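S.K.: The following block contains the structure, expressed as structure tokens.
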Amino acid sequence: MTPVRIDDPADPRIAGFVSIKERDLTGRHGRFIAEGAVVLRMLAAAHRSGRGIEAEAILLLENRVDGLGDILADFPAGIPVYVASAPVFDAIAGFNMHRGVLALGKRDSVPRLDALIGALPAKSLVLAACGISNHDNMGSMFRNAAAFGVDAVLMDETSCDPMYRKAIRVSVGSVLSVPFSREGSVTALIGRLRAEGFAIWGLSPRGQADLHDILPSPRTALLVGTEGEGLPDNIMASIRTARIRQRPGLDSLNVATATGIALHQVAMINGLI
């Protein structure tokens, strides 16, 4: 693919890249922004996978083109690659983009909860989330999920969208590789997992068992709640709960950090890593 130079920030060919932060707020209607070289590589892999994620266009800072040749070669030849100088690039994005690597992608659809759970293998590890509202935490949780062999991330309808630009960037593209669903209530989510034979463990500083007390299980679901409030009391009362042992004086760990620790433990005892 031969890069096409863009000298006018108003060029209609790069309209999808204009004012990125404003578009983050107004929505992209099934499209998303991939930012940075590592995420660009993950987008190329997702595009090849045939799971409904496609790249539509790539925009690069002119001095980044030569170093990205191997990644660009992984994309189909028909995807346009645009290049721009730093002033033009920043004018398009609406702020200083020191990474100089952007791609516009499209996700046809997100799997429905029933279909995703129904397609999970007999031996599965699932991360479930209730009310996660911070995109940094969401991205970090997906990164943890990819690192420790999670088969799917299941979120209730109150959780934020993992396809938001910042969540994708923080996940280093793992949002594009780990299957997920975001719908319904956490109560319905628990019921569906329980019906499929999952051992469900809620992670909380108020957990009744120690993290190391979690037993191996062919199917395990780890449920985490939002920062501050954590899991609701009625949810805590309906499932088994575990805590991460820590020194007194601190309220709790960040939810993304706690998720990483817990997933590592559960993946270890189930022979996934």
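S.K.: Any idea which residue in segment 158-183 is farthest from ASN234 (Cα to Cα), counting only those that are open to solvent by 30 Å² or more (accessible area, probe 1.4 Å) and part of a loop (DSSP other than H, G, I, E, B)?
M.R.: VAL172
S.K.: Checking the condition closer than 11 Å to ALA103 by Cα and either within 21 Å of the chain's Cα centre (by Cα) or not polar (S, T, N, Q) (or both), which residue from GLY36, GLY30 passes? Let's see the steps before the verdict.
M.R.: On the way: GLY30 fails: closer than 11 Å to ALA103 by Cα.
The match here is GLY36.
S.K.: Quick check on segment 118-157: of everything there that is part of a loop (DSSP other than H, G, I, E, B) and either open to solvent by less than 10 Å² (accessible area, probe 1.4 Å) or without any contact (Cβ under 8 Å) to a residue 60 or more places away in the chain (or both), which residue is nearest to GLU35 (Cα to Cα)?
M.R.: ILE132
S.K.: If a residue counts only when it is touching a strand residue (DSSP E or B) at 6+ places or on another chain (Cβ under 6 Å) and over 24 Å from ARG182 (Cβ atoms), which strands (runs of 3 or more DSSP E) contained entirely in segment 1-115 have at least 1 such residues?
M.R.: In segment 1-115, 53-61, 81-84, 101-107 are the strands (runs of 3 or more DSSP E) which contain 1 or more residues that are touching a strand residue (DSSP E or B) at 6+ places or on another chain (Cβ under 6 Å) and over 24 Å from ARG182 (Cβ atoms).
S.K.: Residue by residue through segment 216-273, note down the ones that are among the β-branched types (Val, Ile, Thr) and either under 17 Å from ASP136 (Cβ atoms) or over 22 Å from the mean Cα position of the chain (by Cα) (or both).
M.R.: Passing the criteria: VAL224, THR226, ILE235, ILE239, THR241, ILE244, VAL255, THR257, THR259, ILE269.
S.K.: Limited to segment 186-199, what total is found for residues that are touching a residue at least 40 places away in the same chain (Cβ under 8 Å) and within 14 Å of LYS123 (Cα to Cα)?
M.R.: 4
S.K.: Tell me, please, whether a residue that is open to solvent by less than 70 Å² (accessible area, probe 1.4 Å), more than 30 Å from GLY52 (Cβ to Cβ) and of a type outside the set (Asp, Glu) can be found in segment 215-223. Quick ask: steps written out before the conclusion?
M.R.: First, the residues of segment 215-223 that are open to solvent by less than 70 Å² (accessible area, probe 1.4 Å): 217, 219-223.
Subset that is more than 30 Å from GLY52 (Cβ to Cβ): 217.
Still in the running and of a type outside the set (Asp, Glu): 217.
Among the residues of segment 215-223, at least one is open to solvent by less than 70 Å² (accessible area, probe 1.4 Å), more than 30 Å from GLY52 (Cβ to Cβ) and of a type outside the set (Asp, Glu), which makes the answer yes.
S.K.: Which one is modelled with the highest pLDDT, of the residues in segment 86-103 that are under 25 Å from the mean Cα position of the chain (by Cα) and open to solvent by 20 Å² or more (accessible area, probe 1.4 Å)?
M.R.: Among them, the one singled out is GLY94.
S.K.: Next question. Restricting to segment 76-85, give me the number of residues that are surrounded by 11 or more Cβ atoms within 10 Å (Cβ to Cβ) and at pLDDT below 95.
M.R.: 1
S.K.: Next question. Just to be sure I understand the filter: pairs with C-beta atoms under 6 Å, separated by 6 or more residues or on different chains, first member in segment 258-272 and under 16 Å from ALA128 (Cβ atoms), second member open to solvent by less than 20 Å² (accessible area, probe 1.4 Å) and of a type in the set (Ser, Thr, Tyr). Which pairs pass?
M.R.: If the second residue must be open to solvent by less than 20 Å² (accessible area, probe 1.4 Å) and of a type in the set (Ser, Thr, Tyr), the pairs left are VAL266/THR220.
S.K.: Can you tell me which residue is modelled with the lowest pLDDT among those in segment 104-113 that are touching a Lys or Arg at 6+ places or on another chain (Cβ under 7 Å) and surrounded by fewer than 19 Cβ atoms within 10 Å (Cβ to Cβ)?
M.R.: VAL110
S.K.: While we're here: In segment 49-61, is there at least one residue being touching a residue at least 40 places away in the same chain (Cβ under 8 Å) and more than 25 Å from the chain's Cα centre (by Cα)?
M.R.: yes
The values are calculated or read from the model by the stated rules, or taken from the named source; none is laboratory data. The structure displayed is predicted, hence computed values, not measured ones. For neighbour counting, all protein chains shown are included, and Cβ atoms are generated from backbone atoms with ideal geometry for every residue, glycine included. These accessible areas exclude ligands, DNA and RNA; they are computed on the full protein's heavy atoms, side chains included. Shrake-Rupley method; radii C 1.70, N 1.55, O 1.52, S 1.80 Å.
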